[in-house]
Structure formats: structure tokens, C-alpha cells
Amino acid sequence: MTDHILNPEKQEYNITVYTENQIGLLTRIAIIFSRRKINIESLNTSPSEIESIHRFNIVITESEGVVRKVCRQIEKQVEVLKVYYNTNEDVIWQEMALYKVPTDQIAEKALVERLLRENGARVVVIRHDYTVFETTGHREETDALILKLQPFGLIEFVRSARVAIIKHSEGFNRKLREFESMEPGHEPGENEYLDKRDKVFTM
Amino acid sequence: MRVEFGEKSKHNSALKTTFMDTAQQELTATEQKTTIELSGSAAVLEALIAEGVKTIFGYPGGAIMPIYDALYDYNDKLEHILVRHEQGGIHAAQGYARTSGNVGVVFATSGPGATNLVTGLADAQIDSTPLVCITGQVFAHLLGTDAFQETDVINITTPVTKWNYQVTDANEIPEVLAKAFYIAKSGRPGPVLIDITKNAQIQKFQYSGYTCCKHIRSYRPKPIVRREYIEEAAKLINAAKKPFVLWGQGVILGKAEKEFAAFIEKAGIPSAWTILGAGAIPSDHSLNVGMLGMHGNYGPNVLTNECDVLIAIGMRFDDRVTGRLDKYAKQAKVIHLDIDPAEIDKNVQTTVPVWGDCKETLPLLTELVEAKQHTEWLAKFREYQRQEEEQVIQGELFPTSEELTMGEVIQQINEITGGEAVIVTDVGQHQMVACRYAKLNNTRSNVTSGGLGTMGFCLPAAIGAKYGAPDKPVIAVIGDGGVQMTIQELGTIMQFNVDVKVLILNNQFLGMVRQWQQLFHDKRYSFVNITSPDYVKVAEGYYIPGQKVENRESLRPALEAMLNHPGSYLLEVMVTKENNVFPMVPQGCSVSEIRLK
Ligand SMILES: Cc1ncc(C[n+]2csc(CCOP(=O)(O)OP(=O)(O)O)c2C)c(N)n1
Ligand SMILES: [Mg+2]
């Protein structure tokens, strides 16, 4: 965080990586960051909408120059299909959080209904001993509910990595077909790097 | 069909004839998939044969024994060179790949065998050398149990391989090996490591032949060539008054030497090389203005900061080439031709990126550039060269001092071989001297560890270089430090009668480090004083003839004796102890601040 203030050109970037589902690829991608001493602030990896293709969402705070170089190193990996990077303005993003609180306290002392409404939270389970709330949102929002639940004896809290949708993406289906249908040695009929030098990479 | 399916050979095990022939014929004959039962190990060897591999450098051990057992029956198809250390094996494979242009193949066992490969992998990764390394691994059911000789070789080697993969089932072997070769040699080449668990080597499976890999959907070996950027590049070149070409190993890896020469000759552009690019065009080509970098030539370094258009071809602006980046060619427009998009703008911001295989992009560019001669501009390089000759080169190549210099040894070799030899070097002062002064008539005749600077590289690499270029004399130019790092490979030379000429330039110092201590650490010589054994006796112990030379009169006859000797030979030359390599761009300085003394 302080880094961000000291280096004004640094900001949060959302890196989206489409990959084959391959053991060891996480290491290959992770070392591209650790080698440069870049801290991964959030990492989500899960199957994409396309079978056998995984999608990584990685958040780092860096200058665009560094992000671009890192993305190219990632895209260079054999099992990586495509890499995009975006600022927070370019994406819609969410993190999910779960909060476990003692049921007696929360039921007796809190205005539960208001709490849920104000924070867009839901109740996931209610047991006699504890209750679990869930909320999704930006960091500030999930943080805010921690503060509110703290007085009621918050037992446990967990937050997911960030997932982000790129505002002007067309999805990956079409692109994948290009990758697959390609005659050996031919390339997709595009080279976005050269058109929009700063945003997208296609080799 | 040369063998019947299932027929046992005389050796009572695997097939004597390669299965490929039979399988292919069967396939075309019946139009359906025919399979035979094969072990994973035999499938590995079938894959090598199908990929055209003739030579393997390796060392056996417990976890790779099934493959070695299968190798016993493939003796007539695959030559295996038993090295003396796995590091030697991988450097030999690198030397082989560099002189032959083929993929180098290495076998090693699990655990220590595999970890001994790491230095060579790192070297091959940074110098883009195509290798396929096959390591044995413990049985799959023992993975993760700290079994005997188990190391996590996949994770250890991830940062130093282009691709790696662990095979635990024999059925995967044909496809994985096909991928391995394809990845190693396509695009920007690099090392691939395939770790095969012992059970997969032993396992019998239904083998249906080997198909070479030509496409992996997630892998773009070559970027698209975009004509408009070639046009932009040509425009810049045609408008340039002082264009300057920097070329690297990409020209050689792309097998684009002819295309490269055609380009610079038509455009009349003075061209300088990185040490890995050396030899792509002959040393005495009229547009070859010399070596780049820290110990490169005077003109190319100074004039980098004077040219108006800098055309980088298959090189990656290593810091040993650029010196201080914020003072590097700031006045110039930069055109960068590279097959690896990650290299564009990595160190030097380009004006026009020309992504692609230079074998394809160079002819397109040549077509669009105007035929020119930059006579005055070229003369500038020659003027700097004259100054360098006067102040540095003359004294180094034709010394009048009593003691021998490294440069005069190289000069004598040039005179004897005429530039036809393959020069393999280690790392240090002798490397810089050899690269600066060796006359190279041919491409793939300079083998050195560039990006990693791996001492100990030379002796094993020279062994491989000889296998890759059997018809050329191979001279291993090594320091007294580096030779002691992998001297055990004299055993390989002995056993396989490898005709390598081992030339030790003994300055009784870790010379390059000593030079830095002299220049930048107030001559505080901290642990750079290194003693040597009697190398001639050591060689004799390996049944390799040799001699030691300490004065000028005996140098020429000794070099001639070495080069005329049919077979390996060791020559130790005692050279001046405290000579420095100049010119030099001191670390942290700009290329134009290069010092002649
Ligand atoms: C494996 C390894 N260890 C250390 C170094 C650092 N190093 C670079 S050059 C050099 C000295 C080499 O001495 P020698 O082989 O005698 O060659 P010279 O410079 O004297 O020609 C050293 C120690 C290195 N490059 N590689
Ligand atoms: Mg020395």
C-alpha cells in the first residue's frame, strides 16, 4: 500500500490468464512474479467457461511497464493460451467473504436484519452455536462488515481471491477456436499488440 | 516389413528394427491403427530414432536403468556417450546442438543425476539451446515419500527449462516426447526436461507408432509477420544516414545466415555481433565491424551512441552488451527483429518491432530496402578500428614482451587453421580474447557460454561440438580455472577417442576476477590465485598426448603438433600472469565510455 503512494505510477492491475489445465503450471506462472520480487496480492484459479481451459485472475500492484513485461513472460509459457491485463477501471470485480459469529450474541444484541441489508450480506447457515454470513464486494465492503461484526464476537473470517470480468471482452470461445483450428505454423489473423500496443498480447 | 510383430530379437528382448518402419507400413497397408506391445523404455528410444537422434550423452543410475537396459538392444541405432559427470553430459549436448543445429539429448538418473543437470539447463535456457533431457524418477507410488534418490526435479528445473513434464504412465511417452522435441527446437529454442518414473519405463503398453508434433494449441512458436511493420522498418532504414546492425544468435538459430548477409549487403549497413552471434557471417566480411559489449571492439561500442537507426536482429540487449541502459543509443530509432515477443521492449524501447522468424522477416525487409553504401559511416568504424589496432590489438597479437599473450596464441591458430576450426571457449579472459580474435569463416563455429558464463562449460561442450561437427577441427580454449571444474571429461575423450584439441591458457590466476580486483578493488587479490596440476601428466594419465609451452619459439611448433595430431591432444600454454582484457566498458558505464586501457 505504501509502495503505491511512494510510486505513483504503480497501481493495481488485474491479470487474466487462460491456460491449459496442467500440473505445474501454477509454479511456472508464480515464479515469473517471485523472480522479480513482485508480491501476488490475490490469485484465483478455476476452470473457465470452456472445458479444459483454466482461468487465472492475478492482482499485483506495479507500474504498467513492469506488468506488460511480466504478462509477456507469462504468455510465453508453453501451456498459456492468452494473457490480458487491466486496471481496476477496466474490470468488474468481486471478492467473497464469510463471517462466523456466535449465534446467541448476534441474535440478542445485533439488529441482524439491518446489518444484512446495509452490507448486502446473506445468511448461509444458522446453528444454535454459530451463524455464518456471506457477502461479496470490494475490499472496503467486505472489510466494513468485519468492523461491524467485531463487537459481536466474530469467531472466524475468510475472504476469497478476487475474480474479475473484463468490461469489453468478447469472451474466450472464439479465440480458442482460432487457436485450435489453426493450420500448423499459421497464426490467428490478428496481432493486437501492434494495434493496441499496451493492452493485449498475441504472439 | 523387417520384423514380425512380437518376434524376439537375438538379444531376447526388444525389437531390433525400429518400430517406426514397420508401424508406418502397417498403417498405410491396412489403413487402421496397428499396435504392438512395447515397454515405456523402448518407446523412448523409438521416439529418439524417429526424431533423427543419433547421439545421446548420458550417465546411468537406478531410476533410469530400464531405459539403459533397452538401450542395450538399440546399440546399432543410437550412440551413447558415457560422460564422467551429468553436468559434462548436458554441456556436451549443448556443444552438439550448437555445432550441428540439432536437438541435443541427455540421459540422467533421478536425484543427484538430475540435479547435476541444473547448471547446463540454466545455460541452455539463457542461450536458447535446444535440448531434450530425460531423467529417471522413482516409482510413481513413491513420489513425495522422500524415496531413495527422489528429488522434485520438475520443480527444481521449472525456472531453467522451456518446458518440463513428468511421465508416470508409459502410454504418455510417444506423445510427450513428440511435444518435447517440437518445443525444444521450434520458435526460440530451449531445453526441455522429461522426467519418467521407473514404473512407466518398465510398463508394457500398446504402442501405435510415433507421430511428430507440429502444433500445440497453447503454444505460438512464431509470431505473425506483419508487413506494415516491415514497411515501417524499411522506411526508417532507407532514411537513415548512419544505420547500424547488431546481430545475435537468432540469426544462427533461425538458420538465416544467408538472408542476413543479403540484407546487410544490399543496405550496406555496418554490422556488429554479440558473442553468440559470432560466425554467422565470416570475420573478414567487409561489413563485419566486430564484437559488441563489455570487451567488444571500440568502434561498435562508441558508435552505438552515434548511429541514427539501430537494427537489432535476433539479440536480446543483454547488459553485458548494452552497458548502462539509460545512456544506451538514446539518439537512435530502434528496430528490433526477434522471434520472441517477450524480448521486444524488455530492455530497450523499440521504435518498430518486427516480430517473427528472421528467416522470414529478413527477406521481406531486404526487398524493401534501397541498395546503398554507407561509405563514410563505415569508414568511421574503420577509423576506430585503426585506433584499437594501434593501442590494443597489435600488442596483444604480436607482442614484443618476453611473455606469451593469450592473443598471440589465438592469432597463431588463425594462421594455421585459416579460420576453419570450431572454437569452443570457457569463461574468463581467455574467452573474451578468443571471441575477439578468433577468425571464423563458418557459422556454428563459435561455441561459448554467453548468458550464464558457466565456467567448466568448455571441455564437455567441445566433446559434443566434435560430435556435431565431426569434419572440423575442434579446439577447446580453456583457462586454468575453468579446466579444473570439469577436467574429469578427459575420461570421456579418452574412452570415446574424441578428437578434441584441449588448449589451456594458463595465467595462474582466475584471470577475469583478478582483472576486476585490480581495476575496481584496489588490486586486493582475494582468492584469485589458483594453482594447477601438471596438466600434461594428467593428460598422460588419460592416455592423451600433450605438451607444455612457455616461450614464443616453441609456441608455433606446439600448436602445429597439436593440430596435426590425429586425435585428442592437450597443450598447456603459460601466458602472462597479469594481463588485462581491453577495451572494456566498466560496469555501470555507457558503451561510449569504453576504455582502451
Ligand atoms: C561456475 C562459475 N564460477 C565462478 C565464475 C566467476 N568467474 C568468471 S571468470 C572467472 C575466472 C576464470 O578463470 P580462468 O578459468 O583461469 O580463466 P581466465 O580468466 O584466467 O582466462 C571466474 C571465477 C563463473 N563464471 N562460473
Ligand atoms: Mg586463468
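The table that follows gives values for the structure above.
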| item | result |
| --- | --- |
| Which numbered condition B:LYS466 fails, given (1) open to solvent by 10 Å² or more (accessible area, probe 1.4 Å); (2) not in a helix (DSSP H, G or I) | (2) |
| Index of the failed condition, B:VAL309 passing every other in (1) under 26 Å from the mean Cα position of the chain (by Cα); (2) touching a residue at least 60 places away in the same chain (Cβ under 8 Å) | (1) |
| Members of the range B:244-282 that are under 19 Å from the mean Cα position of the chain (by Cα), more than 24 Å from B:GLN125 (Cβ to Cβ) and surrounded by fewer than 19 Cβ atoms within 10 Å (Cβ to Cβ) | B:PRO282 |
| Unique residue being away from ligand 1 (no atom under 12 Å from the Cβ) and open to solvent by less than 10 Å² (accessible area, probe 1.4 Å) when the list is B:VAL422, B:VAL409 | B:VAL422 |
| Selected residue (only one of B:ASP471, B:ASP480, B:ASP499 is within 25 Å of B:THR417 (Cβ to Cβ), within 16 Å of ligand 2 (Cβ to nearest atom) and among the charged types (D, E, K, R)) | B:ASP480 |
| Neighbours by Cβ (under 9 Å, 6+ apart or cross-chain): first from the range B:142-154, within 14 Å of chain A (Cβ to nearest Cβ); second of a type in the set (A, V, I, L, M, F, W, C) and part of a loop (DSSP other than H, G, I, E, B) | B:ASP152/B:LEU143; B:VAL153/B:LEU117; B:ILE154/A:ILE23 |
| So B:GLN484, is it farther than 29 Å from B:LEU82 by Cα and within 16 Å of ligand 1 (Cβ to nearest atom) | no |
| Pair list, Cβ < 8 Å and 6+ apart or interchain, from the range B:343-354 residues that are in contact (Cβ under 8 Å) with a residue 60 or more places away in the chain to residues that are among the acidic types (Asp, Glu) | B:VAL352/B:GLU232; B:PRO353/B:ASP338; B:PRO353/B:ASP345; B:VAL354/B:ASP338 |
| Scope the range A:50-109; condition within 10 Å of chain B (Cβ to nearest Cβ) and of a type in the set (Val, Ile, Thr); matching residues | A:ILE53, A:VAL70, A:ILE74, A:VAL78, A:VAL80 |
| Helices (runs of 4 or more DSSP H) contained entirely in the range A:1-112, each with at least 2 residues that are open to solvent by less than 50 Å² (accessible area, probe 1.4 Å) and in contact with a helix residue (DSSP H, G or I) (Cβ under 9 Å, 6 or more places away or on another chain) | A:25-34, A:64-76 |
| Hits in the range B:535-553 (condition: away from ligand 2 (no atom under 16 Å from the Cβ) and among the acidic types (Asp, Glu)) | B:GLU540, B:GLU553 |
| Odd one out for A:VAL125 among (1) farther than 30 Å from A:GLU12 by Cβ; (2) assigned to a helix (DSSP H, G or I); (3) more than 14 Å from chain B (Cβ to nearest Cβ) | (2) |
| Conditions (1) of a type in the set (A, V, I, L, M); (2) more than 11 Å from ligand 1 (Cβ to nearest atom); (3) surrounded by fewer than 24 Cβ atoms within 10 Å (Cβ to Cβ); (4) under 16 Å from the mean Cα position of the chain (by Cα); number of the one not met by B:MET455 | (2) |
| Selection count where residues are more than 17 Å from B:GLY290 (Cβ to Cβ) and more than 23 Å from the chain's Cα centre (by Cα), scope the range B:312-334 | 10 |
| Hits in the range B:223-232 - residues which are under 30 Å from the mean Cα position of the chain (by Cα) and more than 7 Å from chain A (Cβ to nearest Cβ) | B:VAL225, B:ILE230 |
| Elements of type strands (runs of 3 or more DSSP E) contained in the range B:307-395, each with 3 or more residues being modelled with pLDDT of 95 or more | B:309-313, B:333-338 |
| Test for B:TYR543: is it open to solvent by 10 Å² or more (accessible area, probe 1.4 Å), in a loop (DSSP other than H, G, I, E, B) and over 22 Å from B:ASN414 (Cβ atoms) | yes |
| Number of the exception - B:MET432 against (1) within 15 Å of ligand 2 (Cβ to nearest atom); (2) touching a helix residue (DSSP H, G or I) at 6+ places or on another chain (Cβ under 7 Å) | (2) |
| Test: residue in the range B:502-517 that is β-branched (Val, Ile, Thr) and over 23 Å from B:GLN587 (Cβ atoms) | yes |
| Counted residues, the range B:70-84 - those being in contact (Cβ under 8 Å) with a residue 40 or more places away in the chain, surrounded by 15 or more Cβ atoms within 10 Å (Cβ to Cβ) and more than 17 Å from B:TYR467 (Cα to Cα) | 3 |
| Test result for B:PRO243, within 10 Å of chain A (Cβ to nearest Cβ) and of a type outside the set (Lys, Arg) | no |
| Matching residues, the range A:136-171, being in contact (Cβ under 8 Å) with a residue 60 or more places away in the chain and in contact with a strand residue (DSSP E or B) (Cβ under 9 Å, 6 or more places away or on another chain) | A:PHE157, A:VAL158, A:ARG159, A:SER160, A:ALA161, A:ARG162, A:VAL163, A:ALA164, A:ILE165, A:ILE166, A:LYS167, A:SER169 |
| Residue in the range A:142-149 that is within 14 Å of chain B (Cβ to nearest Cβ), out of contact with any helix residue (DSSP H, G or I) (no Cβ under 6 Å at 6 or more places or on another chain) and at pLDDT below 95 present | no |
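Matching residues to (1) in contact with a strand residue (DSSP E or B) (Cβ under 8 Å, 6 or more places away or on another chain); (2) within 14 Å of ligand 1 (Cβ to nearest atom); (3) at pLDDT below 95; (4) not assigned by TED's automatic domain parsing to the domain that holds B:VAL105:
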position: B:ILE416; (1), (2), (3), (4): no, no, no, yes
position: B:HIS430; (1), (2), (3), (4): yes, yes, no, yes
position: B:CYS435; (1), (2), (3), (4): yes, yes, no, yes
position: B:ALA438; (1), (2), (3), (4): yes, no, no, yes
position: B:LEU459; (1), (2), (3), (4): yes, yes, no, yes
position: B:ASP480; (1), (2), (3), (4): yes, yes, no, yes
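Residue by residue, here is whether (1) more than 9 Å from ligand 2 (Cβ to nearest atom); (2) within 14 Å of another protein chain (Cβ to nearest Cβ); (3) aromatic (Phe, Trp, Tyr); (4) open to solvent by 10 Å² or more (accessible area, probe 1.4 Å) holds:
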position: B:ILE475; (1), (2), (3), (4): yes, no, no, no
position: B:GLN495; (1), (2), (3), (4): yes, no, no, yes
position: B:PHE509; (1), (2), (3), (4): no, no, yes, yes
position: B:GLN517; (1), (2), (3), (4): yes, no, no, yes
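The values are calculated or read from the model by the stated rules, or taken from the named source; none is laboratory data. The structure presented is a predicted model; accordingly, all values stated were derived computationally and were not measured. Note that each Cβ is placed from the backbone with ideal geometry, even for glycine, and that neighbours are counted across all protein chains shown. The protein model used for the area step is the full one, side chains on, heavy atoms only, and it has no ligands, DNA or RNA in it. Shrake-Rupley method; radii C 1.70, N 1.55, O 1.52, S 1.80 Å.
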